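S.K.: Sharing a structure here in structure tokens format.
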Amino acid sequence: MSDDLPDGYEISTDAARLDVGLVHRWLSEDAYWALGRSLRKQQDAIAGSLNFGLYDRASGAQLAYARVVTDRATFAWLCDVYVDRGVRGKGLGRALVDAVCAHLEPYGLRRVLLATADAHDVYARAGFAPLATPGKWMALGEQ
């Protein structure tokens with residue numbers, strides 16, 4: 001799915017392959033934006049999203065996750081991007097984000113958004129930039 005994916009890894013959008021318990025643990029226990037998220041809430045998020053799992057080709061173990069909320073026509077929100085702490089620094093996060101962007105490209109989306117507190121460089125390399133007109137945007141709920 002991604003030309004930049006290091007050898008020995010693969011990315012899949014097959015939600016049936018996801019290790020949902022592992023994804024839930026990663027996000028609810030180690031991701032600042034999802035701490036305390038319930039398993040039920042995570043299952044609902046997976047069910048309503050386009051999901052990306054990154055796997056070790058030899059063992060089949062899931063090593064990273066990302067999901068996209070999209071109408072597949074005009075808009076997408078990239079969220080819950082997580083790489084297992086044991087394999088960080090190998091370019092897997094960047095490869096995952098690149099694969100997500102490549103997967104979305106044929107839809108001709110007008111806008112793909114994301115929010116991050118600490119991974120701006122990862123996303124900037126994939127072409128993301130700060131909002132040009134943040135004053136136009138509003139939010140309902142947690143900020």
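S.K.: Please pick out the residue among G60, G93, G36 that is over 22 Å from D121 (Cα atoms) and either basic (K, R) or open to solvent by less than 50 Å² (accessible area, probe 1.4 Å) (or both). Steps first, answer last, please.
M.R.: On the way: G93 fails: over 22 Å from D121 (Cα atoms); G36 fails: either basic (K, R) or open to solvent by less than 50 Å² (accessible area, probe 1.4 Å) (or both).
Result of the check over G60, G93, G36: G60.
S.K.: Then there is this: Name, by its number, the condition in (1) surrounded by 11 or more Cβ atoms within 10 Å (Cβ to Cβ); (2) out of contact with any strand residue (DSSP E or B) (no Cβ under 6 Å at 6 or more places or on another chain); (3) closer than 24 Å to L131 by Cβ; (4) at pLDDT 95 or above that does not hold for V112.
M.R.: Here V112 meets the rest and fails (2).
S.K.: Okay, moving on. So which residues in segment 116-141 are of a type in the set (F, W, Y) and either at pLDDT 95 or above or more than 24 Å from E105 (Cβ to Cβ) (or both), if there are any at all? Quick ask: steps written out before the conclusion?
M.R.: Pass one, segment 116-141, residues of a type in the set (F, W, Y): 123, 128, 137.
Y123, F128 - these are the residues of segment 116-141 that are of a type in the set (F, W, Y) and either at pLDDT 95 or above or more than 24 Å from E105 (Cβ to Cβ) (or both).
S.K.: Suppose we keep only residues that are outside any helix (DSSP H, G or I) and open to solvent by less than 70 Å² (accessible area, probe 1.4 Å) within segment 120-143. Which one would you say is nearest to T13 (Cα to Cα)?
M.R.: Among them, the one singled out is A126.
S.K.: Still on this model: Which residue, of L27, L39, L92, is among the hydrophobic types (A, V, I, L, M, F, W, C), more than 11 Å from the chain's Cα centre (by Cα) and over 21 Å from D118 (Cβ atoms)?
M.R.: Step by step, each of L27, L39, L92 is checked, and only L39 is among the hydrophobic types (A, V, I, L, M, F, W, C), more than 11 Å from the chain's Cα centre (by Cα) and over 21 Å from D118 (Cβ atoms).
S.K.: A further question follows. Which condition from (1) touching a Lys or Arg at 6+ places or on another chain (Cβ under 7 Å); (2) open to solvent by less than 40 Å² (accessible area, probe 1.4 Å); (3) aromatic (F, W, Y) is the one that F75 breaks?
M.R.: Condition not satisfied by F75: (2).
The values are calculated or read from the model by the stated rules, or taken from the named source; none is laboratory data. Quantities reported herein were computed from a predicted structural model and do not represent experimental measurements. When we count neighbours, we look across all protein chains shown, and the Cβ atoms used for this are built from the backbone with ideal geometry, even at glycine. Only protein heavy atoms, including side chains, enter the accessible area calculation; ligands, DNA and RNA are left aside. Shrake-Rupley method; radii C 1.70, N 1.55, O 1.52, S 1.80 Å.
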